[in-house]
Structures are given as C-alpha cells and as structure tokens.
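Novice: There's a structure below that I have some questions on.
The values are calculated or read from the model by the stated rules, or taken from the named source; none is laboratory data. Values in this document were obtained by computation on a predicted structure and should not be read as measured data. Positions of Cβ are backbone-derived with ideal geometry, glycine not excepted, and every protein chain shown enters the neighbour counts.
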Amino acid sequence: MTPPNDHAVRGDSVSSELRRLFDCIERLIHDGLEHGHFRYEIKGTIGKNLRRELVIEAGVSHKFTVSLDDLSR
C-alpha cells in the first residue's frame, strides 16, 4: 500500500532535498505502522556553510543535507 501524497499541501516551493526528507519520514512512519511497532531516532546538526545535516536512524541510516536558503521558502 502506498502512503498518501500531500505535496500540494506543502507547496511546490519545497526543495528537492526537503521533499526527499519528508518523503522518507512519511514512508518510514507508514512502514512502521504497517509492521506494528517501530523506533526511529532523528539527529540534526549544523554543518559547513550553515547547512542543516539530518540523520534518521531506522535500522539503516538516512542522511539529508539542507541549505539554509531552502528553509526560508
């Protein structure tokens, strides 16, 4: 079963990296709910050039890097 897509709600101005991040979180939660139990850890740091680095630990690591400019959209 494919999770619902609400990109229209979030708007088209979302950067491709933020979109990948939101899609990953949505997919992980959906998969966890289908499975019945789950645990995730999300860590955020500030990296080079003020980029936001986010890692989701969910059995495997999912890493995303978002520029500061992308957050102001």
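Novice: Using beta carbons and a limit of 8 Å, which pairs, at least six apart or on different chains, have the first residue in region 28-47 and on the phi < 0 side of the Ramachandran plot and part of a loop (DSSP other than H, G, I, E, B) and the second one surrounded by 10 or more Cβ atoms within 10 Å (Cβ to Cβ) and not aliphatic (A, V, I, L, M)?
Specialist: Phe38/Asp31; Phe38/Gly32; Tyr40/Gly32; Tyr40/Glu57; Gly47/Glu53; Gly47/Thr65
Novice: Check region 30-51 and report whether any residue there is under 12 Å from the mean Cα position of the chain (by Cα), surrounded by 13 or more Cβ atoms within 10 Å (Cβ to Cβ) and either closer than 11 Å to Thr65 by Cβ or of a type in the set (Asp, Glu) (or both).
Specialist: No, region 30-51 contains no residue that is under 12 Å from the mean Cα position of the chain (by Cα), surrounded by 13 or more Cβ atoms within 10 Å (Cβ to Cβ) and either closer than 11 Å to Thr65 by Cβ or of a type in the set (Asp, Glu) (or both).
Novice: May I pose another question? Determine which member of the set Thr2, Thr45 is of a type outside the set (D, E, K, R) and modelled with pLDDT under 95.
Specialist: Testing whether each residue is of a type outside the set (D, E, K, R) and modelled with pLDDT under 95 leaves just Thr2.
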